[in-house]
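Okay, so here's the structure we're looking at.
The values are calculated or read from the model by the stated rules, or taken from the named source; none is laboratory data. If you're wondering where the values come from, they're calculated on a predicted model, not measured in any experiment. Heads up, the Cβs are rebuilt from the backbone with ideal geometry, glycines too, and the neighbour counts pull from every protein chain shown. Protein only, heavy atoms only, side chains kept; ligands, DNA and RNA dropped before computing areas. Shrake-Rupley method; radii C 1.70, N 1.55, O 1.52, S 1.80 Å.
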Number of protein chains: 4
Amino acid sequence: MIERVKVAVVGVGNNTSALVQGLALYRHSGSLVGIRKPVIDGLGVGDIDVVAAFATSPEKIGRDVTEAIFLPPNNFPRLNCDLPSADVAVTKGLVDATEIDRVAAALAGAEVLLYSAPSGRPETARAYAGAALRAGVAFVNTTSDPVARDPELMARFEAAGLPLLGDDLASQFGTSVLHNALLRLLEERGLTLVSSYQVNLGGTEDFRNLVENPNTKRQSKLNALSPTGNAATGNAAAGNAATGNAAAGTVAVAPLGYLPHLASQKVAHLNLEAQGWGETAVSLDVKLKVHDPSGAAGVNIDLIRIAASALRDGRGGHSAEAASLLKSPSGTAI
Amino acid sequence: MIERVKVAVVGVGNNTSALVQGLALYRHSGSLVGIRKPVIDGLGVGDIDVVAAFATSPEKIGRDVTEAIFLPPNNFPRLNCDLPSADVAVTKGLVDATEIDRVAAALAGAEVLLYSAPSGRPETARAYAGAALRAGVAFVNTTSDPVARDPELMARFEAAGLPLLGDDLASQFGTSVLHNALLRLLEERGLTLVSSYQVNLGGTEDFRNLVENPNTKRQSKLNALSPTGNAATGNAAAGNAATGNAAAGTVAVAPLGYLPHLASQKVAHLNLEAQGWGETAVSLDVKLKVHDPSGAAGVNIDLIRIAASALRDGRGGHSAEAASLLKSPSGTAI
Amino acid sequence: MIERVKVAVVGVGNNTSALVQGLALYRHSGSLVGIRKPVIDGLGVGDIDVVAAFATSPEKIGRDVTEAIFLPPNNFPRLNCDLPSADVAVTKGLVDATEIDRVAAALAGAEVLLYSAPSGRPETARAYAGAALRAGVAFVNTTSDPVARDPELMARFEAAGLPLLGDDLASQFGTSVLHNALLRLLEERGLTLVSSYQVNLGGTEDFRNLVENPNTKRQSKLNALSPTGNAATGNAAAGNAATGNAAAGTVAVAPLGYLPHLASQKVAHLNLEAQGWGETAVSLDVKLKVHDPSGAAGVNIDLIRIAASALRDGRGGHSAEAASLLKSPSGTAI
Amino acid sequence: MIERVKVAVVGVGNNTSALVQGLALYRHSGSLVGIRKPVIDGLGVGDIDVVAAFATSPEKIGRDVTEAIFLPPNNFPRLNCDLPSADVAVTKGLVDATEIDRVAAALAGAEVLLYSAPSGRPETARAYAGAALRAGVAFVNTTSDPVARDPELMARFEAAGLPLLGDDLASQFGTSVLHNALLRLLEERGLTLVSSYQVNLGGTEDFRNLVENPNTKRQSKLNALSPTGNAATGNAAAGNAATGNAAAGTVAVAPLGYLPHLASQKVAHLNLEAQGWGETAVSLDVKLKVHDPSGAAGVNIDLIRIAASALRDGRGGHSAEAASLLKSPSGTAI
């Protein structure tokens, strides 16, 4: 019988809510609905236990993780499943590198540390990675902060025989995945793209943060579209424009819209205008509705299992298996 | 310098209009917009000449093919290009097998006979194939009538060293292509399909004919969706239902709508409801607008070049290269 | 304190399910969500009691109405409210006019008989009206069968001082309401309609019946659009076409699609293409999702109250107040 | 026979392009397509002549107005009509109040001055109004800058017997018109609004300017929605939120998206989520495509005729007839 994976989580936001509730749902129901990989290296989705959680919000600290995940500003819905207490009180997260020892101690017994805090605090991310190293725990970085792309850190994880997976989680299903698939499809069928846009609307804290720094995120979304070989021209609120291959048509990302009433649901409107034989018009309009935190949890569950399996096998450093689940896997330029 | 391919066409409907006009547009402009394969075996899209055309409508017979393509019920738009007279008068098409000799004589000088008449007249299709055999001309069957799937006919083309490509053209870009791509994408990303539908609206004679025989077409559309591994349940106007793999969710094809004002433009509404991690809802709504005749011509241009190249190389019978351009390639059960 | 209205219902389908469940929901919660008229002549939505119900399905007869409404083919969802037993067993409905006495006896104590059976059985409708006359009960006909439009019947209700409201319920919110509002809006703003279509998809028995008799329903839907002054051209599967004022543009109703997975939810796709100043294009695409049975119950609740109030006041015959809630009020040509 | 109205225009942007081209189209074709009021006080849409035009762009000054309207950044399309030279060279617009005399002199012969420059320069707007007063010309202010709402200016126009119409043109057909109509429709039918949003995308200079000052415009759009009695909550990029009547549901306006490839076409995505009987869900998704400059010209043509007619009749000051064509008619608080 398989030994369950013990995971510690940094960040008790919507993504952790989706992870914790989903684990309860799948373990109890045996359902495989929405699961991309039922088993990875012998580990099922129900074979994961959250054994520690770190947060900085005073309201969350000390509460059981199964309660803390419902505190504002979290707004991922309550799933339709029993959620027994985890007997895991949320621990105060680290604020600076002086607390690495305290965090490392709190990691005792964990095998994987999933770093699922908001992006934008690289020093914090690296401090947690340091704690994982000290505690002999595998580290998974889901944020865009460079951790697995830091060669020095990667070398230390390799030397210690500890897995280090990251950076920047690629959602199981989101606007970029869909937009890229449609751009690729047009290309495969020989249609010529004339123009395309995407608009993203959402109601999470994540969205609120991103609209405050719109160009960064839109550039990232444009980058996410470039592997298709299609040009991407960003048109930011401030009026800047990054130009790509004009011949391939224009792909524009409109400003993100923070609409609180959407809560954890993201709505995206996509349009693709193209030309087929005889230069006649082909047009596609798409509306997507999806819960972003589910898209994150659906990939985190794979990264956790890959990390745990590598740890148990003594394979330190990065994992080729994880690369397709990450936007900026180790080796990518920072 | 390459010798241009001489093509005879059976049927002077919208698809032939798109082909003839597109050839003029591309030859004159040098544009590659909407072209899937700029060159096949050395042949560009401008290297095709229509040298004969057969039709049954008295209004079309005797008119230059560049005029006949604009007569009703044809409603493919006039493209934005010069269209010089082809000096090819439309010939009276054959009505029964006694006229094979006459048609074969009219094929003198042609290399490829593109059979682009409405589906549903298998005897006529085979009679034209017979005329092609007699005239030493390659045959391309774009209809769903079984010609290339007829082993006896295929053997005769092989014996004669004449290419025989068919059956049933797969559009360059249409509802099935798009719907399949989206169903596959959900599957690849690990989402579980709950339900899906497509509605097709159009204004061509083709659409008018199909709505008179709705179940056949809808079953064909459902079949077109099955290679994805997704279940397909058809719900026809008359109430029948073909059941597939229930666990994989329901894919329904609504009755076709013949709306004359759409002319040669097809409009499709697609919906996909799925579940991701935590069984949370993912929904996709898509509107597609496309000119069906362009989708046909964009593939016919490839089939013609494959057939011509095979003919010139002495490769008779079917062609592996053509299989992906056909819904029912030779070898498929009738 | 107001005396509650005692209603008998013919037909225990989705519309009755929506009515019975909604009454329980509103009475218990005091909510006014989705209520068009909180009070009519002193009667609130919670002031209605269903005291008798007639059905022909052997499975439903004898069951409490609060259970019978969930039996197949009914597929209106279970609302989120307590639904205590009504202590009203479903009675066997009448099959022919010989049973009028039995039904009249079963109506003892009722004030209003709501005729909510499927359309298409005018003799049955009139027989129930006869039973209502005999029992001294007001009659509300929600079907398109002519009852209130029958002058002889109307005269008998008037003579008896009994209200007779009908025919053919106009939904609280459906495709016709929305399509008309958009056509009117374009007209008011001075835009010129070029073309328009609507496609309706649904999964109820009602939809299944309608797709078997598609032209009737589509003509009715086209008629529903004519008061806007816009032309309506129907394009039925069988190829018929009703022509209106061509100058005003084409409004087409595509064939209904019966998609069982939609259950009681209706989905409609609407498109309006118009021209504004300088003959530039204006286009509108709309997707509507709505539960048809809710649209019916939301109007039935008003008709019941109007009928009860008229009965109590001794006002027999039709009611001007009800005319706007009906597609074919009395006085309309049959 | 009617004397044609002589109009001078300030601003040679997209709106003037739509006006000038539309006048040529309608005069030549006699078409009434897209015209809201064929005749106002005896004046048809073809009875308008542009006799002077003011601009500040050096490229436009000195060019015939029929050429200047096609210079960048203008991107309203070339309409399908002959556009003979107007023999009206674009005049250098005023930069400060010292030039009022020069402008007044250039207005000789004009009856109406249409102020159609970008909003946001109230001093310039008032200087042009001063020039109109001096020249004895009626003034129409289409911008949101307060001119007709300035009581002192209004008094001077009244005293001079000159019409002064403004402020802030209400488009013939745009997002606000549509969104309001849908909100009103839900309300009339008794549905309860749960939430609603609109996203506006466009490619004009106007859009580019607005995205640089997003909250102002979004607040204006929210204000435009308030007459429906529905609450409006704005959620700006910077995170502010204007709260309305929470009980009536949330109407959100997402950040404007400047997508240059859309040129003068505006695209809006609207969503309305509501509840009907039984608190069941009703949802509406709408995509609108429209040319903003046509929406402006279609109303300017009415304001010009109202102003000219009032001038000829000696009715100075504001006009009740114009109030419904303006967002902030005189009398509105600034």
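Please specify each residue of region C:256-291 satisfying the condition of being closer than 17 Å to C:F207 by Cβ, open to solvent by less than 10 Å² (accessible area, probe 1.4 Å) and of a type in the set (S, T, N, Q).
C:S264
Which residues, counting only those in region B:298-334, are closer than 29 Å to B:S196 by Cα, part of a helix (DSSP H, G or I) and not β-branched (V, I, T)?
B:G298, B:A323, B:S324, B:L325
For a quick check of your reading of the model, give me the residue pairs whose first member lies in region B:70-96 and is free of Cβ contacts under 8 Å to residues at least 40 places away in the same chain, whose second is outside any loop (DSSP other than H, G, I, E, B) and open to solvent by 100 Å² or more (accessible area, probe 1.4 Å), with beta-carbon atoms closer than 8 Å and at least 6 apart or on different chains.
Hits for this filter: B:D96/B:E123.
Has region C:168-187 got any residue that is closer than 25 Å to C:R126 by Cα, more than 14 Å from chain D (Cβ to nearest Cβ) and touching a strand residue (DSSP E or B) at 6+ places or on another chain (Cβ under 9 Å)?
Within region C:168-187, one or more residues are closer than 25 Å to C:R126 by Cα, more than 14 Å from chain D (Cβ to nearest Cβ) and touching a strand residue (DSSP E or B) at 6+ places or on another chain (Cβ under 9 Å).
Given the conditions (1) under 24 Å from A:G295 (Cβ atoms); (2) surrounded by fewer than 19 Cβ atoms within 10 Å (Cβ to Cβ); (3) of a type in the set (D, E, K, R), and given that A:K92 satisfies all but one, which numbered condition is not satisfied?
Against the list (1) under 24 Å from A:G295 (Cβ atoms); (2) surrounded by fewer than 19 Cβ atoms within 10 Å (Cβ to Cβ); (3) of a type in the set (D, E, K, R), A:K92 comes up short only on (1).
Is it the case, given these coordinates, that C:I48 is in contact with a strand residue (DSSP E or B) (Cβ under 9 Å, 6 or more places away or on another chain), closer than 26 Å to C:A135 by Cβ, open to solvent by less than 40 Å² (accessible area, probe 1.4 Å) and within 14 Å of chain D (Cβ to nearest Cβ)?
Here the answer is yes, as C:I48 does meet what is asked.
Tell me, yes or no, whether region C:132-142 has at least one residue that is polar (S, T, N, Q), touching a Leu at 6+ places or on another chain (Cβ under 8 Å) and under 26 Å from C:E205 (Cα atoms).
Yes, region C:132-142 contains at least one residue that is polar (S, T, N, Q), touching a Leu at 6+ places or on another chain (Cβ under 8 Å) and under 26 Å from C:E205 (Cα atoms).
Go through region D:4-36 and report how many residues are touching a Gly at 6+ places or on another chain (Cβ under 7 Å) and open to solvent by 60 Å² or more (accessible area, probe 1.4 Å).
The number of residues fulfilling the criteria is 3.
Taking C:Q198 as meeting all but one of (1) within 14 Å of chain D (Cβ to nearest Cβ); (2) touching a Leu at 6+ places or on another chain (Cβ under 6 Å); (3) open to solvent by 10 Å² or more (accessible area, probe 1.4 Å), write down the number of the exception.
Against the list (1) within 14 Å of chain D (Cβ to nearest Cβ); (2) touching a Leu at 6+ places or on another chain (Cβ under 6 Å); (3) open to solvent by 10 Å² or more (accessible area, probe 1.4 Å), C:Q198 comes up short only on (3).
To keep it simple, each residue is scored yes or no on (1) open to solvent by 20 Å² or more (accessible area, probe 1.4 Å); (2) of a type outside the set (D, E).
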| position | (1), (2) |
| --- | --- |
| D:S294 | no, yes |
| D:D302 | no, no |
| D:I306 | no, yes |
| D:S309 | no, yes |
| D:D313 | yes, no |
| D:G316 | yes, yes |
| D:A322 | no, yes |
| D:K327 | yes, yes |
| D:G331 | yes, yes |
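Please list, ordered by first then second residue, the pairs with beta carbon atoms under 9 Å, 6 or more apart or interchain, first in region D:21-32 and more than 8 Å from chain C (Cβ to nearest Cβ) and small (G, A, S), second assigned to a helix (DSSP H, G or I) and open to solvent by less than 20 Å² (accessible area, probe 1.4 Å).
Close Cβ pairs satisfying both conditions: D:A24/D:T66.
Six or more apart or on different chains, Cβ under 6 Å: which pairs go from a residue in region B:286-298 that's on the phi < 0 side of the Ramachandran plot and facing another protein chain (nearest Cβ under 7 Å) to one that's aliphatic (A, V, I, L, M) and part of a strand (DSSP E or B)? Could you list them?
Short answer, once both residue conditions are applied: B:V286/A:V286; B:V286/B:L270; B:L288/A:L284; B:L288/B:A268; B:K289/B:V267; B:V290/A:V282.
Check whether at least one residue in region A:180-193 is open to solvent by less than 20 Å² (accessible area, probe 1.4 Å) and hydroxyl-bearing (S, T, Y), and report yes or no.
Checking region A:180-193: not a single residue is open to solvent by less than 20 Å² (accessible area, probe 1.4 Å) and hydroxyl-bearing (S, T, Y).
Could you tell me whether region A:80-88 includes any residue that is exposed (fewer than 15 other Cβ atoms within 10 Å of the Cβ), within 13 Å of another protein chain (Cβ to nearest Cβ) and at pLDDT below 95?
Yes, region A:80-88 has at least one match.
Give the number of residues within region C:51-66 that are crowded, with 24+ Cβ neighbours inside 10 Å and in a helix (DSSP H, G or I).
Counting residues in region C:51-66 that are crowded, with 24+ Cβ neighbours inside 10 Å and in a helix (DSSP H, G or I) gives 1.
Report yes if some residue within region D:135-148 is of a type in the set (A, V, I, L, M), in contact (Cβ under 8 Å) with a residue 12 or more places away in the chain, touching an Asp or Glu at 6+ places or on another chain (Cβ under 6 Å) and surrounded by 19 or more Cβ atoms within 10 Å (Cβ to Cβ); otherwise report no.
Checking region D:135-148: at least one residue is of a type in the set (A, V, I, L, M), in contact (Cβ under 8 Å) with a residue 12 or more places away in the chain, touching an Asp or Glu at 6+ places or on another chain (Cβ under 6 Å) and surrounded by 19 or more Cβ atoms within 10 Å (Cβ to Cβ).
Answer yes if at least one residue in region D:160-173 is farther than 30 Å from C:P38 by Cβ, over 20 Å from the mean Cα position of the chain (by Cα), surrounded by fewer than 19 Cβ atoms within 10 Å (Cβ to Cβ) and of a type outside the set (K, R), and no otherwise.
Yes.
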